[in-house]
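What follows is a single structure, written as structure tokens, with notes after it.
What follows draws every value from the coordinates through simple rules; no lab data is involved. Since the model is a prediction, treat every value here as computed from it, not as a measurement. Neighbour counts run over all protein chains shown; Cβ positions are idealised from the backbone, glycine included.
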Amino acid sequence: MALADDHDPGGLGAAQLAERLGLAEDLANDGSARLVLRSRLRGEPEAIGSLRRFIDRRSAVGVELLWLRVAVPMLGLDVERVFAWSPATSTIPHLVLGRATTGALGMPGLSTFTADLLPRVDLAVNAAYAKALYGPLEGEIAAYEHVLENPVTAVEVAPRLRRIASPWALRSTSAGDGTGGAGGLIEVYVRRFVELCAVGRAALEVAGLHAPAPQVRDRRLRAGLSDPQSEPLWSEIDRLCGGPTASALAAWVRGDAG
């Protein structure tokens, strides 16, 4: 379970998504990834993953993409997360993708894929927003169910994370390192996010799909996603790499780093 390259067929296609959005990688001063994760379990620090960042250099308020990879073969752990943040002042949902492959070293594992478009407004009182932004997903999701190894199900998340996720947060599992057909499901969410970014904030506001001061809510949403009580992966990174690395990663997820 080595760290995948930009074109890993079993991964989430983060680099390809960055290309589709017109984003360029934002490297650290030494030309490396924004954050390198190093394990402290076996004496000398050992690189076990990285956080790569892609931004729109044409705009200070464009889309930002974070790509996290963590692989610890001796623990049977291979995890990938993609956060595609739409502008804080926009009501375009954020795209969040996940893959976790677990299994004993040298043995085929079980891969779980998750996908969601995080709502930027309260769906309970914004029916038009829910219908316009999420309605197109429903038919496409149904169309992919017959090619998946396992049925699409609602994501099982802790209550603290459920308050952030949308009702359309889905998961699918497959044996081994492949996608088991889940690549098509991931593409449904990716394509919808790319479409909404192309439409832009102005068109959404003309359609009445806006909310007052969305950036205030957005700061709270991203802070919730970086909370270890919402996402167990952050606690695992703290255990493997130490508090300073976990804190630095949390800052990137919150949008406070850089």
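Numbers below:
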item	result
Amide H contacts of residue 21 (H built 1.01 Å from N, under 5 Å, at least 5 apart or other chain)	none
Sorted by Cβ neighbour density within 10 Å, fewest at the top, the residues 216, 82	216, 82
The stretch 22-130, relative contact order in percent, only Cα pairs under 8 angstrom and at least six apart counted	16
Residue order, fewest to most surrounding Cβ atoms within 10 angstrom, among 112, 102	102, 112
Gained length - residue 239 relative to residue 227, 0.36 nm times residue gap less alpha-carbon distance	2.8 nm
